[in-house]
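The values are calculated or read from the model by the stated rules, or taken from the named source; none is laboratory data. Keep in mind that what you see is a predicted model, and the values were worked out from it rather than measured. We place every Cβ from the backbone using ideal geometry, glycine too, and count neighbours over all the protein chains shown. Accessible surface areas use protein heavy atoms only, side chains included; no ligands, DNA or RNA. Shrake-Rupley method; radii C 1.70, N 1.55, O 1.52, S 1.80 Å.
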Amino acid sequence: MGSRRHGSTLGDWPFADPPDVAVFTTRAIVEDGAWIASISHDAEDGAWQFHDAGAGSADMAEARVVSLLSIVERDPSVRSILDLPPGGRASRDASGSPWTRDPC
């Protein structure tokens with residue numbers, strides 16, 4: 001997609017993926033307000049995944065599809081990690097903790 005910039009309610013959108021790109025997350029994040037514990041940027045298809053810290057967060061029955069913008073609005077700290085290359089992962093120990101990038 002290149003490095004186009006998109007406007008959004010958050011000001012200048014600095015990411016390669018547009019704000020309305022579909023991303024995968026969990027029911028707990030979307031419906032219960034759980035904090036995001038881990039992020040992955042899939043190498044195979046470039047899809048983004050945002051998981052909570054719950055034991056069932058990888059369960060397909062818990063999966064939800066939302067826009068990237070909605071994730072950034074829920075937790076602006078993910079802005080610091082959205083330059084993860086495909087295959088990249090990041091995690092944190094608690095809400096508000098800094099993100100730690102896993103080696104690719």
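The table for this structure:
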read-out: Selection from the stretch 1-25 of residues that are modelled with pLDDT under 95, hydroxyl-bearing (Ser, Thr, Tyr) and either within 20 Å of ALA94 (Cα to Cα) or open to solvent by 70 Å² or more (accessible area, probe 1.4 Å) (or both); value: SER3, THR9
read-out: Every residue from the stretch 42-52 that is under 18 Å from ARG101 (Cβ atoms) and touching a helix residue (DSSP H, G or I) at 6+ places or on another chain (Cβ under 9 Å); value: TRP48, PHE50, HIS51
read-out: Strands (runs of 3 or more DSSP E) fully within the stretch 52-104 counting 2 or more residues that are surrounded by fewer than 16 Cβ atoms within 10 Å (Cβ to Cβ) and among the hydrophobic types (A, V, I, L, M, F, W, C); value: 63-67
read-out: Residues of the stretch 87-99 satisfying the condition of being closer than 24 Å to ASP45 by Cβ and of a type outside the set (D, E, K, R); value: GLY87, GLY88, ALA90, SER91, TRP99
read-out: Members of the stretch 26-51 that are over 14 Å from the mean Cα position of the chain (by Cα) and open to solvent by 70 Å² or more (accessible area, probe 1.4 Å); value: GLU31, ASP32, GLU44, ASP45
